[in-house]
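Bear in mind these aren't lab numbers, they're just calculated from the coordinates by the rules spelled out. Keep in mind that this is a model prediction, so the values were computed, not measured. Every residue, glycine as well, gets a Cβ built from its backbone with ideal geometry; the counts of neighbours run over all protein chains shown.
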Amino acid sequence: MRTPPPITAARSRSDAMLGNVLFLPALAVIVLLFVIPVLYELVISLYRSRLYEQTNPFVGLQNYAWLFRTGDFPTAMLNTLIWTVGSVIGQAAVGIFLAVVLMQDLPGRNVFRTLLLCTWIMPGVVGGIIWRWMFDPIVGILNAALSIVGLPEFDWLGQTSTALGCCILANIWKGVPFWLLMVSARLQAVPSELYDAAAVDGAGWRHRFVHITIPQIRGVVTICALLSFIWTFNSFDLIYALTRGGPDIATTTVPMLIYEIGMRNGHYGEAAASSIILLIMMAAAIGIFMRRSLTRQEET
């Protein structure tokens, strides 16, 4: 049997140089698609750039100050946090529950999984239109069900107290299949001997879920939560199809406010400032989330 040649310092430098060369295309894509647009957006946010004005004077941080002086942006930030946290928690709870239930030997479980995946691949605008029809105060199926049991009809999307909750419910419906798919794939890799041994020891389903299922799916839950957070935080199409940000600004999130300021009003400087703040908020939230996840993994 031939022994491999020894790794010399020259060979190590050659391998390192080859690795750097192979990394250059990926680095170029990152710079072109992320770094340059962010820097350009940052520059625009420092100027008074309007669609109907020919000059773009430098205003420094005035665009950022204008955002916080108006009542719309703080409200949109709060709506974004409620919308994101509520959607991710709801998707996680329902998705994990369905994944555990469908791991049992139930009739038609594969058909049910397939039907659920249809909601995930459906475009957000289509899902928003479907739920808007369901919440319609006149022809909606929800009010029709309420009238059958003798309860009064309600304008679900027209009231500030319920509009955002209805949007969260629709987003949970759309995001649950992703959680179901990911968690189910992880549960199929869990050794059945763990559950058999726990059953022999007299452990109930609750004990098996807490001490076997949860530790086994913790990693995939972390990944799903991070991806769901990013997608929901930047989501635009579902809320736009449902409420257009109304009533008033009850369902206006930061992405919708950016669209309103930049695309409809033509205030590109203020819209760019909103985008930079949105990026900072998302990066800070992801950083905190990942730090806590890593700390929890080190403790376990």
Checklist line | Extension gain (nm, one decimal) between S14 and Q104, 0.36 nm per residue minus Cα-Cα | finding: 27.0 nm
Check: What list of ³J(HN,Hα) values in whole Hz, one per residue of the range 94-105 in order, does the Karplus curve 6.51 cos²θ - 1.76 cosθ + 1.60 (θ = phi - 60°) give from phi, with Gly and Pro shown as x?
Finding: 5, x, 5, 4, 5, 5, 5, 5, 6, 6, 6, 7
Notebook entry, point to check: Whole-Hz Karplus ³J(HN,Hα) for the range 70-75, in order, using 6.51 cos²θ - 1.76 cosθ + 1.60 and θ = phi - 60°, x for Gly and Pro?
Noted result: 7, x, 5, 5, x, 5
Item checked: Leading residue at positive end of dipole, the chain (Cβ point charges), from V88, S184, M263 -> S184
Notebook entry, point to check: Any idea how far the Cα center of the range 139-166 sits from the one of the range 16-47, in Å?
Noted result: 48
Margin query: Can you compute log10 of I(q)/I(0) for the chain with the Debye formula, treating each Cα as one identical point scatterer, at q = 0.10, 0.16 Å⁻¹?
Written below: -0.78, -1.30
Note to self: So for the chain, averaging the separation of alpha carbon pairs under 8 Å that are six or more residues apart and normalising by length, what relative contact order in percent results?
What the structure shows: 29
Check: Taking amide H positions as placed 1.01 Å from N in the peptide plane, with prolines and chain starts having none, which residues 5 or more places from Y47, or on another chain, fall under 5 Å of its amide H?
Finding: V59
Checklist line | FRET efficiency, L151 to L24 (Cβ-Cβ, R0 51 Å, nearest 0.05) | finding: 0.20
Check: Assigning unit charges at the beta carbon (Lys, Arg +1; Asp, Glu -1) and nothing else, what dipole magnitude in debye, to the nearest 20, does the chain show about its Cα centre?
Finding: 720
